[in-house]
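See below for the structure under consideration.
Read-outs: derived from the displayed coordinates by stated rules, not from any lab. This one's a predicted model, so the numbers in the text were calculated from it and none came from an experiment. FYI the Cβ positions are ideal-geometry reconstructions off the backbone, even for glycines, and counts take in every protein chain you see.
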Amino acid sequence: MAASLAGAVDLAAIQARNEAAARAQAAPPPSASAPAGAPGSAVVDVTEATFQSEVLDRSFQVPVVLDLWAEWCGPCKQLSPVLERLAAEGAGSWVLAKVDVDANPALAQGLRVQGIPAVKAVWQGQLVAEFTGAIPEQEARQFVTELVAATSGGAVPGAAEGEGEDEAQEPEDPRLDAAEAALDRGDLAAAEAAYQSILDTEPEHPVAGLALRQVQLFRRAEEAGPNALAAAEAAPDDIVAQTRAADFLLGTGDVDAAFSWLLDVVRRTAGEERDAARQHLVELFGIVGDEDPRVGPARRALMTALF
């Protein structure tokens, strides 16, 4: 257990995530009150020149939904107003980025657009969900609702107001030494206490928050013990048992199995049980980190299971 922890708390990966968030923070946060097409609007027109800032960087704040359309496309004229209305209702919880494929052929080619209207969702710089063709408003609403729930959890993520790139690139905090020393000797309780002490005085600390969640995950995995899988198999309707099994798998380093376990729970449950499994899986995504190549495919699988 302690051996796998050393690879889980990757301070370099956390720093990379902070820098990505800092780039997004340089732009205004999305707002339904901003005029359509203006910086920070919930609906923006995107070109090849603005794709990096308005889609990739913005996706580190909120999920971005790409609407790929053309003036001659009749179904596009049915779907686009629906998406624009939903984006306005979303009040900045997600952004609709409209791409004219005729004016931006390189984007269409890079995104592998086979037909329009095409809708693709981007989160943390990765494609996480997509569909092609005009769909009813109810289905479009379900798509964006499930997207926000599976990514940001319904809240606008990112650094707190006023934080910037200089702050994100500060040197490592010497207060982390005690926590790292505890990790080196496998003392999870002491590491948890050290990270919590930092957060007690600095709740928005860029490293301690994620590190604390990782340590807490490993403590839960230890408490679950090797019988967690058997207990979950014996009680398939017990969501607590299912999440403990996933914690145990992740705690022993089997990331793919942990994700697959909860994805299966999401697929075969409904209502509050399904939502609890989804929330726990999203929490595990955050612990592993979007930089990990296994997270992107798992997010897409979750979107498929939900939608």
Across bins of 10 angstrom width beginning at 0, how are the C-alpha pair distances of region 217-274 distributed, in whole percent?
27, 57, 16
HN-Hα J couplings of region 127-139 from phi, Karplus 6.51/-1.76/1.60, θ = phi - 60°, integer Hz, Gly and Pro as x?
6, 10, 6, 6, 7, 10, x, 6, 10, x, 4, 4, 5
Reduced to Cα centres, the span from region 272-298 to region 166-235 in Å works out to 18
Let me check I have the definition right: for region 27-150, take the eigenvalues of the Cα gyration tensor, multiply each by 5, take square roots. What are those semi-axes in whole Å, largest first?
19, 17, 14
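Within a Cβ distance under 12 Å of Gln216, other residues only, what is the Lys/Arg minus Asp/Glu net charge?
Working: positive: Arg213, Arg219, Arg220; negative: Glu192, Glu222, Glu223, Asp247, Glu283.
Net of charged neighbours comes to -2.
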Can you give the extra length, in nm with one decimal, that the chain gains between Ala103 and Trp72 once fully stretched, where that is 0.36 nm per residue apart less the Cα-Cα distance?
9.9 nm
Within a Cβ distance under 13 Å of Leu199, other residues only, what is the Lys/Arg minus Asp/Glu net charge?
-3
Where labels lie 7 Å past Cα in the beta-carbon direction, separation of Arg213 and Thr201 in nm:
2.4
Calculate the dipole size of region 208-262 relative to its Cα centre from +1 charges on Lys and Arg beta carbons and -1 charges on Asp and Glu beta carbons; express the result in debye to the nearest 20.
260
Label model pair Glu89, Ser260: point-to-point distance (7 angstrom along the Cα→beta-carbon line) in nm is 3.8
